[in-house]
Structure formats: C-alpha cells, structure tokens
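**Student:** Input: one structure, supplied below.
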Amino acid sequence: MSKLYTFLKYFFITFWTVFVVAPFLWAVSTSFKDFQSVNSKVTYIPWLDFEPTLEGWRVLIKSPAKGGVDIVEPYFNSIFVTCTASLISIVLGTLAAYALSRFTFKAGFVRNNDITFFFISQRIMPPIVLSIPFFIFLSTIGLLDSLLGLVVVYIVLLMPIAVWIMVDFFNRVPKELDETALIDGCNPYQAFYKVVLPNSIPGLIVAGMFCIIFGWIDFFFAFILTFTEVQLLPVKVVALNSSITPWWSLSASALVSVAPLIIVAFIVERYLSKGNLSGALK
Amino acid sequence: MNLIGEKITYKPDEQFHLNDVSFNFKKGNLYTILGRTLSGKTTLLKTIAGLLNPDQGSISFEEKDFIKIPVWERNVAMVYQQFINYPHLNVYENITFPLEQRKLSPEQIKKDVDEALKTVGLVGFENRKIQELSGGQQQRVALARSLAKKAKILLLDEPLVNLDYKLREQLREEFKRIFSEGLSQDTILIYSTTDPQEVMELNGEVIVLDEGKVLQKGPAKEIFENPSNLKVAEISNDPPMNVLKGSKNSKNLNFENISLEIPNHFKNLEDKDYNFGIRASEIKLDENGEEFEIELAEISGSETLLHLKRGNSKIIALIEEVMNFKIHEKVKINFNANKFYAFREDEKLVSSPYGGTNG
C-alpha cells in the first residue's frame, strides 16, 4: 500500500514537473532557432538538431528603424508601473487594513465589513466593465496613454488585493500586542511601526508578491489605455505576432517577461521554506 | 496619593461591563479582583491602564485626573492572560523595549533588565527567541518586562490561567516571593483571577466582581469567612458553596427532611426560612448520616468530588481521598452544623460560623 503510494506520489510529481517545465524548455529551445529550423522539421536539441542563432534575441533590443522590435523601453515601463503601483498599493493598503482591523467605523449603515467588502468588490467586477469608465476618466484628466495614468489605474486594481490580504493578516495579530505596546510607552503611530509592522513582514511579502504578479501580467488595461506614446511589455509581446509569426523572438520575449516573476518567486520561496510566512504569532 | 476610582460605569452594548465601580488603592499594597469569566475584571484593568475610557466616573492617581492622561504616558504595566510578548524581539530586547521607549541611559537599562531577569529566573535566556520558550517562560518574560519598568501600577490579568496545573502551582509560589521582594513600596499591584485559592494564597485586599458590579471588598480572610451574600459565597469557593433551602424553628434546622441541631452561632437567629450555606469540604461520609444519591463522582488529584442529590437539592461534597463510586448509588453523609452559614431569602448573609453578619 505504502509502496504504491510512494510510486504514485513520485509519478505525479514527475508528470507535473514535465508538464510545467516542458513549455519553458520548448521556449528556450525555440528562441535560439531561425525561420529555417522552425519550419523545416521538428527539432529540439541545439547543435544536434539545428544550428542555434541569437537572432531571436537580438531583434528584441534592435530599434525598429533597423528592423528590430525594441522591447527595452516597454520592459522598463512595465517595471516602473508595476513597482510604483505595487508600492503605493501596499503602503496605502496596509494602513487601510490596519484601520479596518483595529478601529470601529460607523457611518449610517456602513460598518467595517462593508468598507472591506467595498475594496474587494473592485475585483469582483469583470475588467471589461471597468474599462470604459477608466478610459473616460483618464481622457478627462489627460492621462490617457501615459505612465502616470497607468499607475493610477493599477493602484485601483492592486490596492484591493493588498487590503484583503492585510486585513486578514492583522485580524490574526492579537489586539493585545498593540495594547502592550501602548502600555509600554508607544503612542499609536509608534505602536504601529515599532511593533505591528515588524511582525507583519510575512503578510507584507505575500501582499507584495500578489500585487507584483497581478500588475505585471495585466494585458487588458495596458492594451486599452495606451496607444503610441507608452507601451507595456505584455502588449508589446503580443504585438510581435504579425503576418509571419516570429516564433524565435516571441519565445525570447516571453522568457524575458516571465523572468522577473521567477526571481520574485525564488525570493519569496526562501521565506516560505523558513516557515516565516506561517507567522510567529499564534 | 492613591489610585482612586469613583462610580466607574462602562456599557458599550446592552450589558454593563462595569457598573458603578469605586475603589481606593493604596501604594505598596496588593489587590486581587476575584470574579468569574466575563465579570468585568479585564475591563476594569484595561480602564485603569487607559485602554478603555469609561462612560461615566472618574479615576485619579497622585491627585491627577487619570482619564485625561493617554495610555502611553500613564506609567502602568500589564501582564495579560495570553502570553503577550513582542515576537520580533528576543527575550532581552523584549524587556528593554519599554525602558528604551522611556529613553533611560544604557547603564540603567542593563541594570534594571538584569535585575528583572534574576527575579523571574530567566538569567541565561537573554538571546532566546520568544517562540522557543514554553508558556510559563513566556509569561515570565512578560512579567519581567512589567517589573523592569518599575511602573507605579502593575496590573496582572489572570496571569496563570493559561498554564497547566503544575506550572500554575509553581509560578503562584514564585509570585508570592516576587511580590514581597521584587516590588517597591511605591507600587500598587492589582491581580485579577477566577481562582479563589489564588486569592487566599496571595492574601491581599479583595474586590469581588460580578456582572460589572462590586459585590464585596475586604481582606481575603474576611471574604472567605464572611461572604456578604450567596453570590460571593459561590464565587469565593471552589467548588462553589452548597446552598440548601430550609428553615429554622426553635429546636432544629430543617432542610430536605433532614433535621440538624441548632449550632451555637445560630442561637440568636429569628425562626424562619433561610438559605443555608455549607462548604463542600465540611460534608463528610458517615454511616449514621443522611442518605443522598450520587449523580456524578469526579476524582481530581488526591480528592474525590461527589455531586449529590436529595429531593430538589443538589450539593457537592469534597472527600479527601480517592474512592470509587457508582453513579445512582446511595451514600450517607454528615453535615458539620457548626460550619453552616445562613443567608436571608434575599441572599444576604445573616449569620456565619466566624461571627460575621450583615444585619
């Protein structure tokens, strides 16, 4: 019985690993091919099956004037928009979450839970419903097709995630911890940044990770709210797909666009494996 | 120079958490607040600490209006029943935290912390993480932090309740030592608990709290000997004092078809109906006694608790040895009439074996 279990366990782990890793290997291999090696016959292994070339990668940094696609600027645009929006969302979201977790708000029939739900409800709506209001809003204030406009929209999209994760986290931090800090001579602000915040690092990491992922992978709003001035990476990658699909540079750009997420995952994984995310607070 | 509370009322919802509570705590004394769960003990301590503002009433300390002073400037210390420490700091940093907050000199901090660590017996644990400590040790850290602060008001909110039996006994002994040695004459110590035994052992001034109301104040011995009413008698005894509805006539005490000779301290009592109170430990097994039916027998440590029934009366007897009983078995017991309390119909004490009355 246990042998069968072990066998099945490893079988599925192997199966899943292949399932997840194979597309990556395919993309890596394809990115070094040219038109000839893609279209002639099925090939996998460089040097053996086909002659590898860096052309697919070179195109990405060549300017359009020289026949390239230049994803460098969109790349940094994406990093800037994602990081700025995530940072602002985390800072504002954490403060909002702390307030929602610790203080009681009453305004008419509105209570804390209603406010929390209001934040989360921003994510319940399908993005397409939000696209028209966002478009009109940004064009009214003149931020259409600009980095600042995208940052504003991404904050709206990311802050609910931060609030949601942090409210849940703060609710599990005993209120007595804040009270002890107050008794020990901290004013409420000191209690927050000297005691509550240092103990919330696991929550902040999780919230930050989700914000970065959701900000980075967004295609829809980046597509609708930008035209020529500003381009974000996901839009640029999709735009590569012209009449003849350049599989090699498409693979290369896909790989560079997931690279930051892989780095984030590795950093967070270190925290996960240390058990720091399970929380020191019981 | 005392800590004085007057007519403190706190009613955040439908129920009173504190109802017209007044007190006068003097420096250098130990006060225990005895009450069941949800009787308002924690609320009272939090009000004194400044974490809650009462709806009505006043608190003054050293002739200053305490309510106007925010928590972080009150110079109080509090130990919670949950083991609350700062999880991101080690043991040493946990204890220095309030001292650094007060910007004391590093030499002073070192001296105070070392002293506190010694008092609670945690020397050598300075660099441990809080999560690596046992519950008892965590509570010691919390106590050390409170002691190192040398606060003028030290609040302990059921500090032993979350510990296991053995540790509780051990820490309770140590508390007695710490309170007598480790505290200055300037300190007011307020200790809340649900456990009557803790109250008796700490032997301070007691406030009995129930549903936010003060039922009785006085020295521990007085509360034990002369509980002012039935509620206090229940709260201040574990197991709670047995209550038997009965009456007194010129010759006998009568309850549940049992007649007892009138004890000396009942001689001047009016002949009428009473609630008689008798402690579980004053009921003995006796071949010639009265017959009761066993509803439940619990063995705890070296004692047996018998839940007995006769007619409409249910009582608990504490037998000081381990015995096996069958449920629904009949046993014969004897009451020590000299230890009977008499409470009026309105539950006020009229006569106690220790001579106290309420009129």
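The values are calculated or read from the model by the stated rules, or taken from the named source; none is laboratory data. All of these numbers come straight from a predicted model, not from anything done at the bench. Here the Cβ positions follow ideal geometry from the backbone for every residue, glycine too, while neighbour counts run over all protein chains shown.
**Student:** Which of the residues belonging to the stretch B:80-106 are in a helix (DSSP H, G or I) and closer than 15 Å to B:Phe125 by Cβ?
**Tutor:** B:Val91, B:Tyr92, B:Glu93, B:Asn94, B:Ile95, B:Thr96 - these are the residues of the stretch B:80-106 that are in a helix (DSSP H, G or I) and closer than 15 Å to B:Phe125 by Cβ.
**Student:** Shifting gears a bit: Select from the stretch A:182-200 the residues that are within 15 Å of A:Ala97 (Cβ to Cβ) and facing chain B (nearest Cβ under 8 Å) and list them in ascending order.
**Tutor:** Within the stretch A:182-200, just A:Asn199 meets the criteria.
**Student:** Looking at (1) charged (D, E, K, R); (2) in contact with a helix residue (DSSP H, G or I) (Cβ under 7 Å, 6 or more places away or on another chain); (3) within 27 Å of A:Val72 (Cβ to Cβ), which is the only condition A:Glu229 fails?
**Tutor:** (2) is the only condition that A:Glu229 fails.
**Student:** Confirm whether B:Ile299 is in a strand (DSSP E or B) and without any contact (Cβ under 8 Å) to a residue 40 or more places away in the chain.
**Tutor:** Spelling it out, B:Ile299 is indeed in a strand (DSSP E or B) and without any contact (Cβ under 8 Å) to a residue 40 or more places away in the chain.
**Student:** Working only within the stretch A:30-46, note down all residues that are free of Cβ contacts under 8 Å to residues at least 24 places away in the same chain, hydroxyl-bearing (Ser, Thr, Tyr) and outside any loop (DSSP other than H, G, I, E, B).
**Tutor:** The answer is A:Ser37, and nothing else.
**Student:** Say whether the condition of being in contact (Cβ under 8 Å) with a residue 24 or more places away in the chain, of a type in the set (A, V, I, L, M, F, W, C) and within 28 Å of B:Val350 (Cα to Cα) is met by at least one residue in the stretch B:160-182.
**Tutor:** No; the residues of the stretch B:160-182 include none that is in contact (Cβ under 8 Å) with a residue 24 or more places away in the chain, of a type in the set (A, V, I, L, M, F, W, C) and within 28 Å of B:Val350 (Cα to Cα).
**Student:** So is B:Ile190 in a helix (DSSP H, G or I), within 14 Å of chain A (Cβ to nearest Cβ) and surrounded by 22 or more Cβ atoms within 10 Å (Cβ to Cβ) or not?
**Tutor:** So B:Ile190 fails the test.
**Student:** Continuing with this model, one more query. Scan the stretch A:164-180 for residues that are more than 8 Å from chain B (Cβ to nearest Cβ) and within 19 Å of B:Gly50 (Cβ to Cβ) and jot them down.
**Tutor:** Scanning the stretch A:164-180 gives A:Lys175, A:Asp178.
**Student:** Can you work out which of the residues in the stretch A:171-187 that are touching a helix residue (DSSP H, G or I) at 6+ places or on another chain (Cβ under 7 Å) and either under 10 Å from B:Val71 (Cβ atoms) or not assigned by TED's automatic domain parsing to the domain that holds A:Asn112 (or both) is surrounded by the fewest Cβ atoms within 10 Å (Cβ to Cβ)?
**Tutor:** A:Asn187
**Student:** If we keep just the residues of the stretch B:80-110 that are of a type in the set (Val, Ile, Thr) and more than 9 Å from chain A (Cβ to nearest Cβ), which is nearest to B:Gln137 (Cα to Cα)?
**Tutor:** The extreme case among them is B:Val91.
**Student:** On the basis of being in contact with a helix residue (DSSP H, G or I) (Cβ under 7 Å, 6 or more places away or on another chain), at negative phi and modelled with pLDDT of 90 or more, does A:Thr82 make the cut?
**Tutor:** So A:Thr82 passes the test.
**Student:** Now for a different question. Does the stretch A:137-153 include one or more residues that are within 14 Å of chain B (Cβ to nearest Cβ) and either of a type in the set (Asp, Glu) or surrounded by fewer than 20 Cβ atoms within 10 Å (Cβ to Cβ) (or both)?
**Tutor:** Within the stretch A:137-153, none of the residues are within 14 Å of chain B (Cβ to nearest Cβ) and either of a type in the set (Asp, Glu) or surrounded by fewer than 20 Cβ atoms within 10 Å (Cβ to Cβ) (or both).
Residues are listed down the side, and each one gets a yes or a no for (1) at the interface with another protein chain (Cβ under 9 Å from one of its Cβ atoms); (2) surrounded by 21 or more Cβ atoms within 10 Å (Cβ to Cβ); (3) charged (D, E, K, R):
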{"residue": "B:Leu52", "(1), (2), (3)": "no, no, no"}
{"residue": "B:Gln56", "(1), (2), (3)": "no, no, no"}
{"residue": "B:Asp65", "(1), (2), (3)": "no, no, yes"}
{"residue": "B:Gln131", "(1), (2), (3)": "yes, no, no"}
{"residue": "B:Gly135", "(1), (2), (3)": "no, no, no"}
{"residue": "B:Ile153", "(1), (2), (3)": "no, yes, no"}
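**Student:** Continuing with the same structure: Checking B:Asn127 against (1) within 14 Å of chain A (Cβ to nearest Cβ); (2) part of a loop (DSSP other than H, G, I, E, B), only one condition comes out false. Which one?
**Tutor:** Unmet condition: (1).
Every residue, every condition in (1) without any contact (Cβ under 8 Å) to a residue 40 or more places away in the chain; (2) surrounded by 13 or more Cβ atoms within 10 Å (Cβ to Cβ); (3) assigned to a strand (DSSP E or B); (4) on the phi > 0 side of the Ramachandran plot, yes or no:
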position: A:Ile90; (1), (2), (3), (4): no, yes, no, no
position: A:Gly93; (1), (2), (3), (4): no, yes, no, no
position: A:Ala96; (1), (2), (3), (4): no, yes, no, no
position: A:Ser101; (1), (2), (3), (4): no, yes, no, no
position: A:Thr104; (1), (2), (3), (4): yes, no, no, no
position: A:Ile115; (1), (2), (3), (4): yes, yes, no, no
position: A:Phe118; (1), (2), (3), (4): yes, no, no, no
position: A:Ser121; (1), (2), (3), (4): yes, no, no, no
position: A:Val129; (1), (2), (3), (4): yes, no, no, no
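**Student:** What number of residues within the stretch B:218-277 satisfy the criterion of being in the same structural domain as B:Phe25 (by TED's automatic domain parsing) and among the aromatic types (Phe, Trp, Tyr)?
**Tutor:** Residues that pass the stated criteria total 1.
**Student:** Another question about this same structure. Give A:Ala265, A:Ala191, A:Ala259, A:Ala254 a once-over and let me know the one that is in a helix (DSSP H, G or I) and crowded, with 22+ Cβ neighbours inside 10 Å.
**Tutor:** Among A:Ala265, A:Ala191, A:Ala259, A:Ala254, only A:Ala191 is in a helix (DSSP H, G or I) and crowded, with 22+ Cβ neighbours inside 10 Å.
**Student:** Taking the stretch A:102-124 as the region of interest, how many residues are more than 14 Å from A:Ile161 (Cβ to Cβ), under 25 Å from the mean Cα position of the chain (by Cα) and not aromatic (Phe, Trp, Tyr)?
**Tutor:** Count: 1.
**Student:** Also, quick follow-up: Filter the stretch B:11-50 for residues that are within 14 Å of another protein chain (Cβ to nearest Cβ) and either under 18 Å from the mean Cα position of the chain (by Cα) or of a type outside the set (Ser, Thr, Tyr) (or both) and give the result.
**Tutor:** B:Pro12, B:Asp13, B:Thr42, B:Thr43, B:Leu45, B:Lys46, B:Ile48, B:Ala49, B:Gly50
**Student:** Being closer than 30 Å to A:Val195 by Cβ and among the basic types (Lys, Arg) is the filter here, so list the residues in the stretch A:50-109 that pass it.
**Tutor:** A:Arg102, A:Lys106
**Student:** Here's something else I'd like to know. Within the stretch A:47-78, how many residues are closer than 17 Å to A:Pro246 by Cα, in a helix (DSSP H, G or I) and among the aliphatic types (A, V, I, L, M)?
**Tutor:** The qualifying residues number 3.
**Student:** Something else about it: Please enumerate the residues belonging to the stretch B:83-135 that are among the charged types (D, E, K, R) and over 20 Å from B:Leu171 (Cβ atoms).
**Tutor:** B:Glu93, B:Glu100, B:Arg102, B:Lys103, B:Glu107, B:Lys110, B:Lys111, B:Asp112, B:Asp114, B:Glu126, B:Lys129
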